[in-house]
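Written below as structure tokens is the structure these notes are about.
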Amino acid sequence: DCNSCRDLFILTGVKQCMVHFMHKQTTMYIPRMRPRIISASHMNHLHTDHRQQGGNNAGHTVVVDSVEYDFHLLPSGIINPNVIAFIGNGVVIHLPGLFEEAAKNEKKGNGLQDWESRLIISDRAHIVFDFHQAADGAQEQQRQQQAGKTLGTTKKGIGPVYSSKASRSGLRICDLLTDFDSFSERFKVLANQHMSMYPNLEVDVEGELEKLQGYVERIKPMVRDGVYFMYEALHGPKKKILVEGANAALLDIDFGTYPFVTSSNCTVGGVCTGLGIPPQNVGEVYGVVKAYTTRVGIGAFPTEQDNDIGELLQSRGSEIGVTTGRRRRCGWLDLVLLKYAHMINGFTALALTKLDILDVFAEIKVGVAYKVDEKVIPHFPANQEVLNKVEVQYVSLPGWNTNTAQSRTFEDLPTNAQNYVRFVEGHLGVPVKWIGIGKSRESMIQLF
């Protein structure tokens with residue numbers, strides 16, 4: 001159960017998240033429209049939970065037995081003592097952050113008992129260094145000075161470490177564990193490169209190396225060849241696997257609202273590249289979307305309501321970013337955006353969450369089309385300037401002015417709430433399988 005997204009699956013990102021199930025050799029991939037959570041009920045039946053991309057820029061809040069856990073790098077399934085958690089090669093790992101996160105969550109409850117014996121880390125995952133995080137902050141400062149605005153990054157070093165990876169100068173977990181002398185030399189070269197790019201950046205090279213060497217023995221038992229681990233998981237005894245993404249389709253480096261995106265692929269292709277899973281193992285695709293739209297940080301947001309409506313959605317939905325603590329911007333449901341996410345990911349069903357937040361509205365609007373220069377466009381614009389000036393075409397639907405919190409079946413919902421769900425289904429041509437109307441496990445209605 002998630003405190004911010006409140007629904008069955010681990011959510012992640014601005015306008016659509018992704019989560020995936022694998023049963024034996026079939027993966028059910030679940031992208032979605034806002035961030036972060038996991039199905040407490042489904043976790044009881046899982047064997048492994050896999051994280052495929054991103055770093056500790058993600059924020060997943062999971063509530064179990066009235067205890068609220070906050071995860072950034074650890075796969076959320078780690079709170080189930082019967083689940084093996086796996087951090088894949090597509091993830092970038094800040095080692096101090098990983099252990100700090102575990103320590104904070106250990107103090108909250110018993111969910112992380114023996115977590116180190118249940119966590120597996122791919123040897124091919126890249127390492128986020130402290131100077132990557134410092135460079136992230138320096139880049140944001142430069143953007144502010146040069147362009148008068150920033151990208152609104154989390155300053156967790158995600159962009160810089162993926163840049164190191166793409167330029168083939170990054171360092172991986174296998175490098176840290178194999179030959180520390182060679183690792184140290186490459187680390188010094190990389191640190192000097194960053195100091196030359198950012199004159200005000202100071203790196204305590206020897207101090208950082210000493211700290212990193214201190215993690216070697218601690219993480220060594222957790223590290224495995226990730227490709228072979230996944231192959232065994234897919235071809236060994238029958239098991240259920242959850243694949244948990246970070247961030248969302250509209251934050252995808254290729255398909256998101258560029259440049260206000262993250263630095264990895266948050267869409268369905270990231271499952272294959274971030275874990276080493278063959279495409280034929282991807283089966284059902286579940287899109288998880290709120291009944292309205294939210295966004296953290298800067299970037300185009302066509303259906304945003306910068307008014308009392310947006311304030312009401314924000315307060316009722318407790319829309320605060322888990323990682324940054326920033327208030328989420330809120331607006332009406334954007335079906336143009338959702339249809340675009342469907343084009344990329346190919347949803348077979350939807351989870352429509354936080355429907356209860358709309359309980360107090362007499363009228364509810366849904367964005368169904370964009371106009372540019374008085375003409376309806378059939379696609380989602382790639383260019384931010386175009387996206388910022390689109391004119392959203394809305395359909396107004398009657399609200400229900402009824403508390404839905406006690407509803408346990410679709411038929412229990414007010415007629416207008418049912419009609420709202422059916423409108424979304426009809427417009428997208430995708431069935432809604434789950435409806436979220438509260439924080440508790442009982443507040444998830446399953447339709448089929």
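In segment 321-328 there is at least one residue that is crowded, with 19+ Cβ neighbours inside 10 Å, among the charged types (D, E, K, R), in contact with a helix residue (DSSP H, G or I) (Cβ under 7 Å, 6 or more places away or on another chain) and more than 23 Å from G270 (Cα to Cα). The residue that is modelled with the highest pLDDT, among those in segment 151-187 that are under 25 Å from the mean Cα position of the chain (by Cα), among the hydrophobic types (A, V, I, L, M, F, W, C) and open to solvent by 20 Å² or more (accessible area, probe 1.4 Å), is A166. Do we find a residue being open to solvent by less than 20 Å² (accessible area, probe 1.4 Å) and in contact (Cβ under 8 Å) with a residue 40 or more places away in the chain anywhere in segment 136-150? Among the residues of segment 136-150, not one is open to solvent by less than 20 Å² (accessible area, probe 1.4 Å) and in contact (Cβ under 8 Å) with a residue 40 or more places away in the chain, which makes the answer no. Listed by position, the strands (runs of 3 or more DSSP E) contained in segment 53-117 that have at least 3 residues being in contact (Cβ under 8 Å) with a residue 40 or more places away in the chain and more than 24 Å from N265 (Cα to Cα) are 67-71. Within segment 228-246, residues that are in the same structural domain as G270 (by the TED database) and more than 15 Å from G88 (Cα to Cα) reach partners that are of a type in the set (A, V, I, L, M, F, W, C) and in a helix (DSSP H, G or I) with beta carbons closer than 8 Å, at six or more positions or on different chains, in the pairs K239/A233.
Within segment 188-204, track down each residue that is surrounded by 16 or more Cβ atoms within 10 Å (Cβ to Cβ) and aliphatic (A, V, I, L, M).
Selection gives L190, A191, M195, V203.
Does segment 423-430 contain any residue that is at pLDDT 95 or above, open to solvent by less than 50 Å² (accessible area, probe 1.4 Å), in the same structural domain as L333 (by the TED database) and within 15 Å of I445 (Cβ to Cβ)? Yes, segment 423-430 contains at least one residue that is at pLDDT 95 or above, open to solvent by less than 50 Å² (accessible area, probe 1.4 Å), in the same structural domain as L333 (by the TED database) and within 15 Å of I445 (Cβ to Cβ).
Being in contact with a Cys (Cβ under 7 Å, 6 or more places away or on another chain), closer than 27 Å to L337 by Cα and either in the same structural domain as V83 (by the TED database) or open to solvent by 10 Å² or more (accessible area, probe 1.4 Å) (or both) narrows it down to one residue among T262, T294; which is it?
None of the others qualify; the one that does is T294.
Do we find a residue being assigned to a helix (DSSP H, G or I), in contact (Cβ under 8 Å) with a residue 24 or more places away in the chain and over 16 Å from P414 (Cβ atoms) anywhere in segment 353-364? No, every residue in segment 353-364 fails to be assigned to a helix (DSSP H, G or I), in contact (Cβ under 8 Å) with a residue 24 or more places away in the chain and over 16 Å from P414 (Cβ atoms).
Scan segment 312-335 residue by residue and report those that are in a loop (DSSP other than H, G, I, E, B) and either out of contact with any His (no Cβ under 8 Å at 6 or more places or on another chain) or outside the structural domain of I357 (by the TED database) (or both).
G317, S318, E319, G321, T324, G325, R326, R328, W332
Just need a number here: residues in segment 260-308 that are among the basic types (K, R) and under 18 Å from T324 (Cβ atoms). Qualifying residue count, segment 260-308: 1.
Of all residues in segment 289-308, none satisfies being touching a residue at least 12 places away in the same chain (Cβ under 8 Å) and part of a helix (DSSP H, G or I). Counting just the residues of segment 264-288 that are more than 30 Å from E385 (Cα to Cα) and not in a helix (DSSP H, G or I), which one comes out modelled with the highest pLDDT? The qualifying residue modelled with the highest pLDDT is G276.
Checking E374, E311, E304, E363 one by one, the residue that is on the phi > 0 side of the Ramachandran plot, among the charged types (D, E, K, R) and open to solvent by 40 Å² or more (accessible area, probe 1.4 Å) is E374 and no other. Is one or more of the residues making up segment 49-57 more than 18 Å from G88 (Cα to Cα), modelled with pLDDT under 85 and open to solvent by 10 Å² or more (accessible area, probe 1.4 Å)? No, every residue in segment 49-57 fails to be more than 18 Å from G88 (Cα to Cα), modelled with pLDDT under 85 and open to solvent by 10 Å² or more (accessible area, probe 1.4 Å).
Can you say whether D254 is in the same structural domain as E100 (by the TED database), in contact with a helix residue (DSSP H, G or I) (Cβ under 9 Å, 6 or more places away or on another chain) and open to solvent by 30 Å² or more (accessible area, probe 1.4 Å), as far as the supplied structure shows? Yes: the conditions hold for D254.
The values are calculated or read from the model by the stated rules, or taken from the named source; none is laboratory data. Since the model is a prediction, treat every value here as computed from it, not as a measurement. Heads up, the Cβs are rebuilt from the backbone with ideal geometry, glycines too, and the neighbour counts pull from every protein chain shown. Protein only, heavy atoms only, side chains kept; ligands, DNA and RNA dropped before computing areas. Shrake-Rupley method; radii C 1.70, N 1.55, O 1.52, S 1.80 Å.
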